[in-house]
Amino acid sequence: MHRPIALLWAALEVRLRAYRHVNCSLRDEGVRRALDRLQGEPEFESSITPEVGELIYMLTLTRRAALIVEFGGLVGYSTIYLASALADLGSGQLITTELDLGRADRIRENLADAGVAQRVDVRPGDAMLTLQDLAAPIDLLFLDGLNDLYLPLLQALEPHLEDHAVVVADLSSKEPLSAYRAYVTDPLNGYASVTVGLDDGVLVSVR
Ligand SMILES: C[S@@+](CC[C@H](N)C(=O)[O-])C[C@H]1O[C@@H](n2cnc3c(N)ncnc32)[C@H](O)[C@@H]1O
C-alpha cells in the first residue's frame, strides 16, 4: 500500500456520511423500505451496518463492477446495497451464495421487495462448491460468511480475479482472521490492503 493512500484511508476512520445524487437507487422508496424493514428483523444483528453498506455501494460504482461475488448473503441486507449499485450502473451481475436454503429464499424475496432482483443470481449452498462455474472475471468480491473460509475461498477464486479486483472482507470480532489478514497484507501475494474502521473493521484489498 502506498503510504499516502494508507494515511488517507486511516483518516477515514470516521462514520461515512452519504450524500446521494437524485438518481441513486438507495433513495428509491422500495429499497429504503426493504432496508428499514430488515433492520427490524432478528438477522440484522449479523448483517453489515448501513455504513458498510454505503461503502460497498460506493466501491461497486467506483470499480464499475461487471461481476460481483458475495460470500454469505444471510437474508439479503448487504445484497440489496450491491444490487442497488448495479441498478445505478445499468449493467453487471451479482452472484450471492448462502449456505442456508431458507435464507437463500428470503434473499430472493427481499431483493424482489426492494425492486433490485434483476441482476442477481442467488446460489444456495456451500460457497466452496457454488462458485465453481463463473462465466466472467470477478471485479468485486465481498466476503461476509464464516471468517475461517475467507482465505481458502479467496485462494480458490484468485484465478478468476480481474486485474485490480477489489476484495472486501467484513471482519467479525468473534472470529479469528489472522491467516487471511497475514495473506492479504504480505506484499509477496500482490495485494494492497487497508483496514477501514467501520463496525468491527473492514479489510479492503486490491490486487
Ligand atoms: C454474517 S452473515 C452475512 C450477512 C450479510 N452479508 C448481510 O450483511 O446481511 C454470514 C452468512 O454466511 C453464511 N455462510 C456460512 N458459511 C457459508 C458457506 N460455506 N457458504 C455459503 N454461505 C455461508 C451463513 O449461513 C450466514 O447467513
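The values are calculated or read from the model by the stated rules, or taken from the named source; none is laboratory data. Computed from a predicted structure; not experimentally measured. Cβ atoms come from the backbone with ideal geometry, glycine included; neighbour counts cover every protein chain shown.
Computed quantities for the displayed model
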{"read-out": "Any hit, region 29-46, residues being out of contact with any Cys (no Cβ under 9 Å at 6 or more places or on another chain), of a type in the set (Gly, Ala, Ser), under 22 Å from SER205 (Cα atoms) and crowded, with 16+ Cβ neighbours inside 10 Å", "value": "no"}
{"read-out": "Subset of region 155-182 (residues that are of a type outside the set (Ser, Thr, Tyr), within 16 Å of VAL206 (Cβ to Cβ) and touching a helix residue (DSSP H, G or I) at 6+ places or on another chain (Cβ under 7 Å))", "value": "VAL166, VAL167, VAL168, ALA169"}
{"read-out": "Residue within region 123-138 that is under 19 Å from GLY53 (Cβ atoms), in contact with a strand residue (DSSP E or B) (Cβ under 6 Å, 6 or more places away or on another chain), at pLDDT 95 or above and more than 9 Å from the ligand (Cβ to nearest atom) present", "value": "no"}
{"read-out": "Near pairs, Cβ below 6 angstrom, 6+ apart or cross-chain, from region 64-91 (closer than 23 Å to GLU41 by Cα and near the ligand (Cβ under 8 Å from one of its atoms)) to any residue that is of a type in the set (Phe, Trp, Tyr) and in a strand (DSSP E or B)", "value": "GLU70/PHE142"}
{"read-out": "Residue match in region 183-191 (condition: hydroxyl-bearing (Ser, Thr, Tyr) and in contact with a Phe, Trp or Tyr (Cβ under 6 Å, 6 or more places away or on another chain))", "value": "no"}
{"read-out": "Flag if GLY102 is small (Gly, Ala, Ser), within 9 Å of the ligand (Cβ to nearest atom) and at pLDDT 95 or above", "value": "no"}
